[in-house]
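The values are calculated or read from the model by the stated rules, or taken from the named source; none is laboratory data. If you're wondering where the values come from, they're calculated on a predicted model, not measured in any experiment. Every residue, glycine as well, gets a Cβ built from its backbone with ideal geometry; the counts of neighbours run over all protein chains shown. Side chains included, ligands, DNA and RNA excluded: accessible areas come from the protein's heavy atoms. Shrake-Rupley method; radii C 1.70, N 1.55, O 1.52, S 1.80 Å.
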Amino acid sequence: MAKTTMLFGALLLGISLVILAITQKIGSPSIFIPAIVGFPLLVLGFLAEKQPWNRKLLMHIAVTVGLLGALASIVPIILQLSKLAKGESLDPLRAGSGFSMAILCGLYVLLCVQSFIQARKNREATNSGESA
């Protein structure tokens, strides 16, 4: 899961870098919201890879960061959808950034939860096999 965390962190950083490359300017600090979530994921994934004794803690922190990123991406999505509902023009970069961040963070959290469930099942199977 550590490599997956680094991948998702890099993808979130990439969103900010692509928007920055497209606009060629820093018009709003909101450009860096995906990077603010992606950088800690990248670092936590790297640390989890290098410190196996801390992996469980680091991955739980990482999934919390991912969940906060998913929740944080809801606000820009709602703002863009309310603009669209009022008939105003939609900012495609902000909308794309919000939607892609929500999808990536949501998928990451889902993958982490599945991994945690599988790890618990494996641990329980190992413990029940030892006691038999």
Next item on the list: Kindly check whether there is at least one residue in the stretch 88-98 that is of a type outside the set (Phe, Trp, Tyr) and either modelled with pLDDT of 90 or more or at positive phi (or both).
Entry: no
Notebook entry, point to check: Would a scan of the stretch 114-122 turn up a residue that is in contact with a helix residue (DSSP H, G or I) (Cβ under 6 Å, 6 or more places away or on another chain), part of a helix (DSSP H, G or I) and over 18 Å from Ala2 (Cβ atoms)?
Noted result: no
Note to self: Please go through (1) over 21 Å from Ile22 (Cβ atoms); (2) part of a helix (DSSP H, G or I) for Arg94 and return the number of the only condition it doesn't satisfy.
What the structure shows: (1)
Check: Being within 30 Å of Gln118 (Cα to Cα) and open to solvent by less than 90 Å² (accessible area, probe 1.4 Å), is that true of even one residue in the stretch 86-96?
Finding: no
Note to self: Condition (residue is under 20 Å from Ala102 (Cβ atoms), out of contact with any Cys (no Cβ under 8 Å at 6 or more places or on another chain), open to solvent by 40 Å² or more (accessible area, probe 1.4 Å) and not hydroxyl-bearing (Ser, Thr, Tyr)) applied to the stretch 21-28: is it met by at least one residue?
What the structure shows: yes
Check: How many of the residues making up the stretch 1-46 are more than 15 Å from the chain's Cα centre (by Cα) and β-branched (Val, Ile, Thr)?
Finding: 6
Check: Just wondering, is there one or more residues in the stretch 71-80 that are exposed (fewer than 15 other Cβ atoms within 10 Å of the Cβ) and closer than 22 Å to Val113 by Cα?
Finding: yes
Note to self: Going residue by residue through the stretch 54-69, is there one that turns out to be more than 19 Å from Lys3 (Cβ to Cβ), of a type outside the set (Ser, Thr, Tyr) and part of a helix (DSSP H, G or I)?
What the structure shows: yes
Margin query: Taking the condition of being over 18 Å from Gly69 (Cα atoms) and in a helix (DSSP H, G or I), how many residues in the stretch 1-40 meet it?
Written below: 6
Checklist line | Any chance Glu49 is among the acidic types (Asp, Glu) and surrounded by 15 or more Cβ atoms within 10 Å (Cβ to Cβ) | finding: yes
Notebook entry, point to check: Out of all the residues in the stretch 61-70, which are touching a residue at least 12 places away in the same chain (Cβ under 8 Å) and open to solvent by 40 Å² or more (accessible area, probe 1.4 Å)?
Noted result: Ile61, Leu67, Leu68
